[in-house]
Amino acid sequence: MDDKLTSLQTNLAPLGARFRALPVSRLPEIKQNIQGMLDSGELPAELVKPYRSLQEFSAPEWAAKGSIVVFAVPQARSLLTVAAGGKKIDAVIPPTYISGAIREREQKALEEAAGGRAAWALLPVKTLATRTGLCKYGRNNLCYAEGMGSYARLDAFYTEANLETDQWQEQAELDQCSTCRLCQHSCPSGAIREDRFYIDPLRCLTCHNESLEPFPDWVRPEWHNAIIGCMRCQEACPVNRPFLDRVDRREELSEEETGLILKETPLADLPEALAAKLRALELDGLFEYVPRNLGALVRGQ
């Protein structure tokens, strides 16, 4: 293995991370991959509009002859236990939504190992992860990394260093998915279908609780299980069984604190103790979704 790659592997060992690399010159093919999904209807155009940069992405000038490195870091779910109506309710934050410190450590490890500049890349990381063999796709369209299941944080970075490595390959699917249908049966909204491998994203609960639009009428209150995202298919997946009991971070809210959020109190006006709990879960950056989604989850209990 190249000295830079060996050094990067050593730097990432404390994170339990894995990585793959490819040249920046692959960007047109990555774009073509996304465009192909749009043209086929597998990826609805309305989901891409807020992320138009995915169709127009380009590397910084200083990285034009460099590499793209995609990382997978094991990450457990987090829990926010809220008191409401005399009950305690566990509101899940799925793996992947907590990123700040992990991303900083990945960038530092890459800069030290490869030499020179590195910058986080706004790229379709699931495409990168599966097209480099870092992950395989499941029927739920989540990425599964070896030894991590779908409980993995994915990130991509540009580096000006040419790592002289090109791990671009055909996407692979989990072998278990050829016969298992547990995720399909566990999906409350029917987003995972028998007649196609790609899910129907407009039926996926994650799609709707990452939006500020009203929930569609067909979304039933009892389906809600997370502050952001959804855990139903991940919890049902046999590949994830070794990771189900892992929780990275926990916080608990009193009835009064829960009430302040449900009243849509602005983040800046919350008591510092409550704001600190949200920051600990990195929900401060997602706070615009929290009152709406927490309200839906509480009503569904």
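Counting only helical runs of four or more DSSP H residues, what would the 222 nm mean residue ellipticity of the chain come to if each run contributes -39,500 (n - 2.57) and the total is spread over all its residues?
-8500 deg cm²/dmol
Close amide H pairs (under 5 Å, H built 1.01 Å from N) link ALA91 with LEU80, THR81, VAL82, residues at least 5 positions away or on another chain. For LYS87, the aspartates and glutamates whose Cα comes closer than 20 Å to its Cα, not counting residues fewer than 8 places off in the same chain, are GLU222, GLU251, GLU252, GLU255, GLU256, GLU257. Spacing of the modelled spin labels on THR6 and MET37, each 7 Å from Cα toward Cβ, amounts to 3.7 nm. Size check on segment 102-148: the Cα extents along the three principal axes, sorted descending, read 38, 23, 17 Å. DSSP beta bridges confined to the chain are antiparallel in about 80 percent of cases.
Take the alpha carbon atoms of segment 259-301, find their center, do the same for segment 103-129, and report the distance between the two centers in whole angstrom. Cα centres, segment 259-301 to segment 103-129: 31 Å. The slack between PHE57 and ASP90, meaning 0.36 nm per residue of separation minus the straight C-alpha distance, is 8.1 nm. For GLU106, GLU111, GLU282, the sequence from fewest to most other C-beta atoms within 10 Å is GLU282, GLU111, GLU106.
In terms of distances greater than 21 angstrom between alpha carbons, the cross-link table entries LYS4/LYS31; LYS88/LYS277; LYS4/LYS136; LYS31/LYS65; LYS108/LYS136; LYS4/LYS126 yield LYS4/LYS31; LYS4/LYS136; LYS108/LYS136; LYS4/LYS126.
Throughout, read-outs are computed from the coordinates displayed, never taken from laboratory work. Note that the structure is a prediction, hence the values are computed from the model and not measured. Cβ coordinates were reconstructed from backbone atoms using ideal geometry, including for glycine residues, and neighbour counts include every protein chain displayed.
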